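A.B. asks: Pasting a structure below so you can have a look.
What follows draws every value from the coordinates through simple rules; no lab data is involved. In this text, all values refer to a predicted model and were calculated from it rather than measured experimentally. Cβ sites come from the backbone with ideal geometry, for glycine too, and all protein chains shown count toward neighbours.
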């Protein structure tokens, strides 16, 4: 991977930290940043040494959604240009959503449009109490189409319907209430809270966490009788896995 321009990454032991790094535009997304994030996600997902990912934003915001300069370019795109551009963004969100390890979003400031979409593809979202959110695309005559599947899975159809058609902004407590974020803390407690979750994650079997994420994608919103073969096979496979055998022996010895 060539040296990225719009993101920063660092590895601290088994934790991969990704920082959205366009603070002058509140980390707004453009096509180059999306390409960098997609490539980062693919490489990180293939790295067996990574056990968790933390995504955050530089400066005063997490991510303000689409960059205005990029949106200006879109106005001159053909339909085929727009399809190609949208597909690239969709592949980026998919690459992060399907990372085999837990993804933590560390949210501060604004998380708007695609920024809120990044939260939706995180397994754990932690926000400071002053963070603001919004699916504001309709204000511009657009819709949150690419992120819609992930948002719908995270907050459900009732909340999505209201927020998608009003485009209103909402606060961190509202985000927690609908399930977009999992904890709201004071700004000076945000990093500590991230670390607390990382402690929990690092105590787990990496393969088991990957299997749990995969199973959730397979069974979501499907009838119990339709997914029972998947769930029984999943637990049977885990029970005979080397990771589970080793961990269960260690637990039983205690």
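A.B. asks: Mind checking the angle between helix 206-219 and the chain's longest principal axis? C-alpha axes, 0 to 90 degrees, to the nearest 10.
C.D. replies: For helix 206-219, the angle is close to 60 degrees.
A.B. asks: Over all Cα pairs of the chain, how is the pair count split among 10 Å bins, expressed in % and running from 0 up to the last occupied bin?
C.D. replies: Values per bin, smallest distances first: 7, 29, 35, 21, 7, 1, 0.
A.B. asks: Would you kindly compute the Cα radius of gyration of segment 34-86 and its largest Cα-Cα separation (Dmax), both in Å?
C.D. replies: 15.2, 43
A.B. asks: While we're looking at this one, here's another question. Alpha carbon centre of segment 135-193 versus segment 76-91: separation in Å?
C.D. replies: 24 Å
A.B. asks: Placing one identical point scatterer on every Cα of segment 40-152 and ignoring solvent, what is log10 I(q)/I(0) from the Debye formula at q = 0.11, 0.13, 0.20 Å⁻¹?
C.D. replies: After summing over all Cα pairs, the log10 values are -0.38, -0.53, -1.15.
A.B. asks: If I fit a long axis through the Cα atoms of helix 31-45 and take the longest principal axis of the Cα atoms of the chain, what angle between them do I get, 0 to 90°, rounded to 10?
C.D. replies: 0 degrees
A.B. asks: Could you give the length gained on full extension between residue 208 and residue 98, defined as 0.36 nm per residue of separation minus the Cα-Cα distance, in nm?
C.D. replies: Details: separation 110, 0.36 × 110 = 39.60 nm, distance 1.46 nm.
This chain segment gains 38.1 nm when fully extended.
A.B. asks: Calculate log10 I(q)/I(0) of segment 206-253 for q = 0.14, 0.24, 0.27, 0.29 Å⁻¹, where I(q) comes from the Debye formula with a single equal point scatterer on each Cα and nothing for solvent.
C.D. replies: Rounded to two decimals, the profile gives -0.40, -0.87, -0.98, -1.05.
A.B. asks: Now for a separate question. For the pair residue 252/residue 75, report the inter-label distance in nm, with labels modelled 7 Å from Cα in the Cβ direction.
C.D. replies: Result for the modelled spin labels: 6.8 nm.
A.B. asks: Based on the mean of other beta carbon atoms within 10 Å per residue, what is the order of 71-80, 188-197, 122-131, 86-95, most packed first? Walk me through the numbers before you get to the answer.
C.D. replies: Details: 71-80: 10.1, 188-197: 15.4, 122-131: 22.4, 86-95: 17.4.
Ranking the peptides 71-80, 188-197, 122-131, 86-95 by packing returns 122-131, 86-95, 188-197, 71-80.
A.B. asks: Return, ordered by residue number, the residues of segment 169-205 whose backbone nitrogen is under 16 Å from a label point located 7 Å along Cα→Cβ of residue 241.
C.D. replies: 201-205
A.B. asks: Something else: For helix 190-202, report the angle its Cα long axis makes with the longest principal axis of the Cα atoms of the chain; keep it between 0 and 90° and round to the nearest 10°.
C.D. replies: Approximately 40 degrees, to the nearest 10.
A.B. asks: Springs between alpha-carbon atoms under 10 Å, Gaussian network over the chain: tell me which of 153, 111, 236 tops the mean-square fluctuations.
C.D. replies: With Cα springs under 10 Å in the chain, the top fluctuation among 153, 111, 236 is at 236.
A.B. asks: How much length, in nm to one decimal, is gained on full extension between residue 14 and residue 2, taken as 0.36 nm per residue of separation minus their Cα-Cα distance?
C.D. replies: Details: separation 12, 0.36 × 12 = 4.32 nm, distance 2.17 nm.
Difference between extended and current length: 2.2 nm.
A.B. asks: For residue 218 and residue 199, calculate 0.36 nm times their separation in residues minus their Cα-Cα distance, and state this gained length in nm to one decimal.
C.D. replies: Values: separation 19, 0.36 × 19 = 6.84 nm, distance 2.72 nm.
Extra length from residue 218 to residue 199 when fully extended: 4.1 nm.
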